[in-house]
Amino acid sequence: MRKIAILGSTGSIGTQTLEIVREQNDICVTALAAGGNIDLLEKQIREFQPKVAAVWEEEKAKELKLRTADLDLKICFGMEGLIEVSTEPEAEILVTAIVGMLGIRPTIAAMEAGKHIALANKETLVTAGHIIMPLAKERNVSILPVDSEHSAIFQSLQGEEGNAVHKILLTASGGPFRGKTTDELLHIRPEDALKHPNWTMGRKITIDSATLVNKGLEVMEAKWLFGVEADQIQVVVHPQSVIHSAVEFEDGAVIAQLGTPDMRLPIQYALYYPKRRRLRGKRLDLFALASLTFEEPDRKTFRGLDLAFWAMKKGGNMPTVFNAANEKAVALFLKQKISFPDIPEIIEECMDSIRFFEDPDVSCILETEEDVYQYIESRW
């Protein structure tokens, strides 16, 4: 019986993780954390019977405590609550499905407590990879990628220990606006950007996929997960989202992982690694598919991708500036306060304006995030 804790249990990755728990019937959920959806969280608590549950706001924690007074359950809140869920003593694996840099401290706490990490919170590595990866080695814990692309790379590397990677081919669907010009993007509405052609995801990551900023974040994440440099990562637009990513080795061989667009596959692979389990759902039918196509990304229209490469090469707290500026810009776009093309413009302005630190600790990373937020709030 595997025992897990989940940060972000009411979000897209969290609910799909619980689908797997429900289907496989041999995973025990010891702790759950959610943002503010206490209606769904209460249902999850009653079904999966965790020992600890957390929400962000104290008032919602009080309400949840009243609702679950008949259960033997500890309710906590805020950052302390996230850390308590992350370090629940019986859990072996922490699924970090929380969105944003809130995931950094709980992830570090979990690793220090000896937990393996099923990583769906890309911001943790984007902003603090220089802290997380050495800590994983020191504590002898695994970082198991849950993003479909990084899981595909991870799967393609199995059995290849000692063989040098020449290049990582990181695939992208191209999002809902593939082929559009900058002028055409001026009138894009949030509801248009939230219609991803292949994947079902949360609102923020769906917008990030539409701008290709998400692919930029994944490039930075791949650097830390697989120990490669920027010039070893090639982004390939693959509209069918069947090849989830690939690895090219020194001899020219390319090994890829293929499958239908279903996030449950990488989630389940991380939970049961190195074993594979049967997963219900649609299977890949190559005859029905007939063809696979590939394109270079449009870096002129979707400037967020090149800004991500710039941030990665600069290093220090620059990836934090990139990430924080994007988070704030996406929030403004969803509130219809800025246009869709304004998102990369805001990111670039912040990268040009926020003070640079070469080797930031966690406090510096979080202070940089706050500096970016204040800078944007003072101008938009």
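The values are calculated or read from the model by the stated rules, or taken from the named source; none is laboratory data. No experiment lies behind these values; they were computed from the predicted model shown. Because the Cβ atoms are built from the backbone with ideal geometry, glycine has one as well, and the counts that use them run over all protein chains shown. Ligands, DNA and RNA are stripped out before the accessible areas are found, and what is left, the full protein with its side chains, is counted by its heavy atoms. Shrake-Rupley method; radii C 1.70, N 1.55, O 1.52, S 1.80 Å.
Rolling a 1.4 Å probe over the protein heavy atoms of segment 291-380, with every protein chain left in place, gives an accessible area that is 44 percent carbon and sulfur.
The alpha carbon convex hull volume per residue for segment 152-256 rounds to 110 Å³. Within segment 125-230, the GluC sites (Glu not before Pro) that combine a DSSP coil assignment with at most 16 other C-beta atoms in a 10 angstrom radius are E160, E161, E229.
Taking a 24 Å limit on the Cα-Cα distance, which of the listed pairs K43/K335; K122/K313; K215/K300; K115/K314; K137/K223; K3/K275 fall beyond it? Mind showing how you got there, number by number?
Details: K43/K335 30 Å; K122/K313 18 Å; K215/K300 15 Å; K115/K314 31 Å; K137/K223 16 Å; K3/K275 16 Å.
Those over the limit are K43/K335; K115/K314.
Computed with a 1.4 Å probe over protein heavy atoms only, the accessible area of L194 comes to about 50 Å². Taking 0.36 nm per residue of separation and subtracting the Cα-Cα distance, full extension of the segment from K335 to V254 would add 24.9 nm.
What segment 19-99 shows is 49 Å² of accessible area per residue, with the surface traced by a 1.4 Å probe over protein heavy atoms.
Within 10 Å of each candidate Cβ there may be at most 10 other Cβ atoms; applying that plus a DSSP loop requirement, which GluC sites (Glu not before Pro) in segment 244-318 survive? Hits after loop and neighbour filter: E250. In this structure segment 125-266 gives 40 Å² per residue of accessible area when probed at 1.4 Å with all protein chains present. Looking at segment 309-356, none of the GluC sites (Glu not before Pro) sits in a DSSP loop with at most 11 other Cβ atoms within 10 Å of its own Cβ. Along its principal axes, the chain has C-alpha extents of 57, 52, 40 angstrom, given from the largest down.
Cα-Cα pairs above 15 Å in segment 20-82: how many percent? Could you put the intermediate results ahead of the total?
Numbers: 856 of 1953 pairs.
Taking all Cα-Cα pairs of segment 20-82, the fraction more than 15 Å apart is 44 percent.
Could you tell me how many cubic angstrom of Cα convex hull volume segment 260-300 has per residue? Intermediate results must be reported in sequence, preceding the final value.
Values: hull volume 5.4 nm³, N = 41.
Residue-normalised Cα hull volume stands at 132 Å³.
Sort T10, T96 from largest to smallest accessible area, using a 1.4 Å probe on the heavy atoms of the protein chains. Show your work: numbers first, answer last.
Numbers: T10 30, T96 0 Å².
Listed by decreasing accessible area, they come as T10, T96.
A 1.4 Å probe run over the protein chains yields, for segment 323-380, 50 Å² of accessible area per residue, whole-number rounding.
Against the compact-protein benchmark of 2.2 N^0.38 Å, the Cα-based radius of gyration of segment 280-342 scales to 1.67.
Give me the percent of the accessible area of segment 60-210 that comes from carbon and sulfur atoms, probe 1.4 Å, all protein chains in place.
Details: 3220 of 6440 Å².
Heavy-atom surface of segment 60-210 belonging to carbon and sulfur, 1.4 Å probe: 50 percent.
How large is the Rg to Rh ratio of segment 206-298 when both quantities use alpha carbon positions and Rh follows Kirkwood? Please list the in-between numbers first.
Numbers: Rg = 14.8 Å, Rh = 15.4 Å.
My calculation puts Rg/Rh at 0.96.
Against the empirical 2.2 N^0.38 Å (N residues), segment 265-380 has a Cα radius of gyration ratio of 1.46. The spread of Cα positions in segment 38-134, taken along each principal axis and listed from longest to shortest, comes to 43, 25, 19 Å. Within the listed set S353, S241, S148, the residue fluctuating most in the Gaussian network model of the chain (springs between alpha-carbon atoms under 10 angstrom) is S353.
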